[in-house]
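A.B. asks: The structure that follows is given in the form of structure tokens.
The values are calculated or read from the model by the stated rules, or taken from the named source; none is laboratory data. No experiment lies behind these values; they were computed from the predicted model shown. With ideal geometry, Cβ positions are generated from the backbone for all residues, glycine too; neighbour counts draw on all protein chains shown.
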Amino acid sequence: MRTTLNYSPNFDTTKRKSNQIKFIIFHYTGMIKESEAIKRLTDIKSKVSCHYLIKNNGEIVVMVPDLYEAWHAGVSSWKNYKFLNKHSIGIEISNPGHDYNYKKFSKKQTQSLKKLSQFLIKKYRINQKNILGHSDIAPTRKKDPGEKFPWKYFAKLGIGKWHSLSKRILFESRRKKISLIDEKKFFKNLKKIGYSTKSPTKLKKDQFLRLITYAFQRRFRQQVINGKIDQECLIISQNLVKKFN
């Protein structure tokens with residue numbers, strides 16, 4: 001696997017053990033120009049970085065060596081883990097993101113990410129269920145990698161998890177209203193999957209739960225991102241509980 005080097009100064013200097021690496025977290029850069037994203041990730045003043053950046057042309061750039069903590073996840077949680085920098089490898093993918101004309105990830109980027117992810121999964125024995133998006137671990141702050149990220153495709157390759165429901169069942173249950181009892185079941189399912197159901201900020205509970213719903217939809221129900229829980233969301237969450245536990 002070919003890579004280039006462009007080291008970032010933004011990392012913890014204490015080396016970690018390879019068995020501490022449990023997660024891979026996917027991000028998008030969220031900036032208009034790729035060159036500006038690279039500049040920010042390597043600027044000591046920004047205090048942000050990643051282990052790998054995948055450029056628009058598919059080139060893989062190493063920014064922080066694996067055994068050092070890059071500053072990519074920030075305030076984050078998944079299951080019993082908090083502040084996931086310590087236990088994860090962060091991969092940034094060049095994409096302007098939701099604020100700047102969010103676009104599909106290129107085939108070259110997808111193929112490079114496939115190779116890199118498979119390499120890291122094998123090297124650090126990373127469980128499929130621990131391959132996540134930034135919005136999964138920080139739903140109140142982040143939207144990346146977003147609904148255009150090909151999670152279903154990667155899951156077929158053993159990179160991340162996806163549900164096993166048919167298109168027909170999903171379509172038939174889409175936008176169908178559910179009861180308040182079923183809404184509570186949905187959030188219980190999200191907690192079992194790994195999402196934190198406790199807000200890290202002073203957001204009102206209904207605002208927080210809506211943001212978690214958006215994050216869930218961007219990951220697992222990418223056709224409709226509206227923050228509303230319907231029958232389709234519920235059955236997807238039920239299907240995933242078995243896969244994440």
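A.B. asks: Does segment 141-153 hold any residues that are surrounded by fewer than 22 Cβ atoms within 10 Å (Cβ to Cβ) and out of contact with any helix residue (DSSP H, G or I) (no Cβ under 7 Å at 6 or more places or on another chain), and which are they?
C.D. replies: Arg141, Lys148, Lys152, Tyr153
A.B. asks: Would you kindly identify the helices (runs of 4 or more DSSP H) lying entirely within segment 126-200 that contain at least 1 residues that are free of Cβ contacts under 8 Å to residues at least 12 places away in the same chain and farther than 19 Å from Leu211 by Cβ?
C.D. replies: Output list reads 151-156, 167-173, 180-193.
A.B. asks: Scan segment 55-81 residue by residue and report those that are closer than 16 Å to Leu120 by Cβ and either touching a helix residue (DSSP H, G or I) at 6+ places or on another chain (Cβ under 9 Å) or buried (at least 18 other Cβ atoms within 10 Å of the Cβ) (or both).
C.D. replies: Initially, segment 55-81 is screened for residues closer than 16 Å to Leu120 by Cβ, giving 60-70, 72-73.
Within segment 55-81, Ile60, Val61, Met63, Val64, Asp66, Leu67, Glu69, Ala70, His72, Ala73 meet the criteria.
A.B. asks: Any residue at all in segment 2-20 that's assigned to a loop (DSSP other than H, G, I, E, B), under 17 Å from Gln111 (Cα atoms) and of a type in the set (Ser, Thr, Tyr)? Lay out the reasoning, then the answer.
C.D. replies: Looking only at segment 2-20, we keep the residues that are assigned to a loop (DSSP other than H, G, I, E, B), and these are 2-3, 6-10, 12-17.
Subset that is under 17 Å from Gln111 (Cα atoms): 2-3.
If we keep only those that are of a type in the set (Ser, Thr, Tyr) as well, we get 3.
Yes: one or more hits.
A.B. asks: When residues of segment 46-102 are filtered for being in a loop (DSSP other than H, G, I, E, B) and closer than 21 Å to Leu5 by Cβ, how many remain? Before you say what the answer is, go through the steps one by one.
C.D. replies: First pass over segment 46-102, keeping only residues in a loop (DSSP other than H, G, I, E, B): 46-51, 55-59, 63-69, 71-76, 79-80, 83, 94-102.
Keeping just the survivors that are closer than 21 Å to Leu5 by Cβ gives 46-51, 55-59, 63-69, 71-72, 94.
Residues in segment 46-102 being in a loop (DSSP other than H, G, I, E, B) and closer than 21 Å to Leu5 by Cβ: 21 in total.
A.B. asks: Filter segment 197-240 down to the residues that are aliphatic (A, V, I, L, M) and surrounded by fewer than 16 Cβ atoms within 10 Å (Cβ to Cβ), then identify the one that is modelled with the highest pLDDT.
C.D. replies: Filtering segment 197-240 for residues aliphatic (A, V, I, L, M) gives 203, 209, 211-212, 215, 224-225, 229, 234-236, 240.
Going one step further and asking which of them are surrounded by fewer than 16 Cβ atoms within 10 Å (Cβ to Cβ), we end up with 203, 224.
Details: Leu203: 86, Val224: 97.
Among them, the one singled out is Val224.
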